[in-house]
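Q: The structure under discussion is supplied below as C-alpha cells; questions concerning it will follow.
The values are calculated or read from the model by the stated rules, or taken from the named source; none is laboratory data. All figures in this text were calculated on a predicted structure; none of them were measured in a lab. Methodologically, a virtual Cβ is constructed for each residue, glycine included, from the backbone with ideal geometry; neighbour enumeration extends over all protein chains shown.
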Amino acid sequence: MKKKGGRILWLVYLDSSVPRSRGRIIPRVQAVNRPTLQEVIQALERLGYRYQIFPDKKYPPLWFEEKLQGYVIVETAERITAVAAKVAEEIKRRRG
C-alpha cells in the first residue's frame, strides 16, 4: 500500500545501469552505478531529509533484480527528480 506524506525513492531511479525506459528518472551523467540502500540512507541523512525505509520491496517492473531491492519514502514537498539528483550527487561525493 502506498504511504502518504512523502515521495517514493526507488533505488532504480538512481541507477545508471538501468535505462530510462525501465525506471531511471535522472540523466545517466547524474546517476550512480548500482547504488545500495545503505548509501541512499546515508546520503539522505547528510542532506537532512526525514525518511522511512522499506528494504524488502522490489520495483515492480524489475521484480527479478535482487540488487535493486528496496525503497525509501522521503518526507518532502520537493519533486522526486530533484531529491534523486541531490541523493545521487551526495553518493558520488561520498564514493570519491
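Q: Out of region 14-32, which residues are under 17 Å from GLY70 (Cβ atoms), assigned to a loop (DSSP other than H, G, I, E, B), under 12 Å from the mean Cα position of the chain (by Cα) and not aliphatic (A, V, I, L, M)?
A: Result: GLY23, ARG24.
Q: Tell me which residues, restricted to region 65-78, are surrounded by 15 or more Cβ atoms within 10 Å (Cβ to Cβ) and either in a helix (DSSP H, G or I) or out of contact with any helix residue (DSSP H, G or I) (no Cβ under 9 Å at 6 or more places or on another chain) (or both).
A: Across region 65-78, the qualifying residue is only ILE73.
Q: Shifting gears a bit: Do we find a residue being modelled with pLDDT under 95, in contact with a strand residue (DSSP E or B) (Cβ under 7 Å, 6 or more places away or on another chain), aromatic (Phe, Trp, Tyr) and surrounded by fewer than 17 Cβ atoms within 10 Å (Cβ to Cβ) anywhere in region 54-64? Even if it seems obvious, please write down each step before you answer.
A: So the first thing to find is which residues in region 54-64 are modelled with pLDDT under 95, and the list is 54-64.
Next cut, in contact with a strand residue (DSSP E or B) (Cβ under 7 Å, 6 or more places away or on another chain) only: 54, 57, 59.
Going one step further and asking which of them are aromatic (Phe, Trp, Tyr), we end up with 54, 59.
With surrounded by fewer than 17 Cβ atoms within 10 Å (Cβ to Cβ) added as a condition, the list becomes 54.
Yes.
Q: With the requirement that a residue be touching a residue at least 24 places away in the same chain (Cβ under 8 Å), over 12 Å from the mean Cα position of the chain (by Cα) and closer than 19 Å to ARG20 by Cβ, what does region 33-64 give you?
A: PRO61, LEU62
Q: Need pairs with beta-carbon distance below 6 Å; first residue within 16 Å of PRO35 (Cβ to Cβ) and within region 76-92, second among the small types (Gly, Ala, Ser) and outside any helix (DSSP H, G or I); sequence gap 6+ or separate chains.
A: These pairs meet every condition: ALA88/ALA31.
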